[in-house]
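Here's the structure, in structure tokens; my notes come after.
The values are calculated or read from the model by the stated rules, or taken from the named source; none is laboratory data. Owing to the predicted nature of the structure, the values given are computational and were not obtained by experimental measurement. Quick reminder, even Gly has a Cβ in these numbers, built from the backbone with ideal geometry, and neighbours come from all protein chains shown. What goes into the accessible areas is simple: the full protein's heavy atoms, side chains included, and nothing from ligands, DNA or RNA. Shrake-Rupley method; radii C 1.70, N 1.55, O 1.52, S 1.80 Å.
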Amino acid sequence: MMQSRILPPILFILTLVFVLSSCGKSKSDTARSSLPPYQSQVKLEDAITDQGCLSLPKLFEGIHRLDPDLPLVKIPTAISFDSDAAIRENFKRLTAYGQLHVTSSTVSSMQSLPVVSQEGCDKVIITAVDGTTQDFTVKSSARESLVAEAEDGSRIEYLWLSPQRIQAKTRFLAYDQPCTSGDKPVLVSVTKIFDWSGAGIPASVPVSGSPLSIDPSFLALAAQAVGDSADALSEGGQLDLAKLAAMVAKPPKPEMISCGIVDPAPDPTPDPTPPPNPLPTPDPDDPDHPNHGGGGDSTPGPVH
């Protein structure tokens, strides 16, 4: 079965570290032995560069000092797509479906952070596990936020919302292969909220006007991937997260993962009209039948 293939670059590690569990716990414990006691907050004043903008290395250091057992909630809130070529709607739907999962874990799941260095408010350098690096030029910055972009169009955006909540937005390169020919990438941007306040997954979030509100177009794309309507998820200005979880737990429609090519299903209703009989069987009770009244073989035969 053909499927769209998404190939994120090095920056996608920044998204994965907030999803995958921390590995090498003994090393992590050793590294923390020289740090102050565990914290429950990341203070903004501890994550500022000397030039007055948000420092990703300091922000990540603050996250690393959090109690690893603190409950963590991750809520995806927005998705967008950009490309020089046409983008298939089913590619958008399947990608949105794969990203729209509200999850609950612990802070330990986002503490395996990549090596990040920063040159003032001008440049961010990310080093992958294999030693390769990617440079990001800072496009905008403030005390609470930083936006940086690489030459290939990849982008990272971090926003400090409170001592127990941050917003992370990553833009990565994806390829809709084999469904789309050529090497034109699709730039996929995904925004997520990370909250370690301990409140857990809320029963609902406001439809609009809150950092936790999920963009309606994000909901619509994911709903279309499974053949549902996003309208059924909300009531009274609140988005029901239990209903959302049930929706994204459904399998995607076959055309979502087969480049839109689906064999037509057989017609379950049989044709009520029987086919014509080219050789009708004579009725033995017919007076013209050769065996009429003889009580013998009713199989048609020659007249004697």
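Observations
- Residue-by-residue Karplus 3J(HN,Hα) for the stretch 80-91, coefficients 6.51, -1.76, 1.60, Hz, glycine and proline x: 8, 9, 8, 6, 6, 10, 5, 10, 5, 5, 5, 5
- Over all directions, the projected convex hull of the C-alpha atoms in the stretch 67-120 averages 6.5 nm² in area.
- Remark: the stretch 36-193 carries 44 Å² of accessible area per residue (probe radius 1.4 Å; ligands, DNA and RNA excluded).
- The reciprocal of the average 1/r between distinct C-alpha atoms defines the Kirkwood hydrodynamic radius, which for the stretch 176-258 equals 14.9 Å.
- Close amide H pairs (under 5 Å, H built 1.01 Å from N) link GLN39 with LEU66, ASP67, residues at least 5 positions away or on another chain.
- Note on the stretch 50-192: with charges restricted to the Cβ of Lys and Arg (+1) and Asp and Glu (-1), its dipole about the Cα centre is near 540 debye.
- Using the Cβ-Cβ distance between LEU161 and ASP50 with R0 = 25 Å, the FRET efficiency computed as 1/(1 + (r/R0)^6) comes to roughly 0.60.
- Electrostatic bookkeeping for LYS58 treats Lys and Arg as +1 and Asp and Glu as -1; over the other residues with beta carbon under 15 Å from its beta carbon, the sum is -3.
- Positive contributions from Lys and Arg (+1) and negative ones from Asp and Glu (-1), summed over other residues with Cβ under 10 Å from the Cβ of LYS169, come out at +2.
- Put a plus charge on the Cβ of each Lys and Arg, a minus charge on the Cβ of each Asp and Glu, and nothing anywhere else: the dipole of the stretch 129-273 about its Cα centre is then about 600 debye.
- Straight-distance crosslink candidates among lysines, where the alpha carbon sits under 22 Å from LYS43 and sequence neighbours closer than 8 are dropped: LYS58, LYS74, LYS169, LYS192
- Placing a pseudo-label 7 Å from each Cα along the Cα-to-Cβ vector at SER208 and SER181 gives an inter-label distance of 4.3 nm.
- Extension gain from ALA232 to SER145, taking 0.36 nm per residue of separation minus the Cα-Cα distance: 27.8 nm
- Averaging the sequence gap over all C-alpha pairs within less than 8 Å and six or more residues apart, then dividing by the number of residues, gives the stretch 150-240 a relative contact order of 20 percent.
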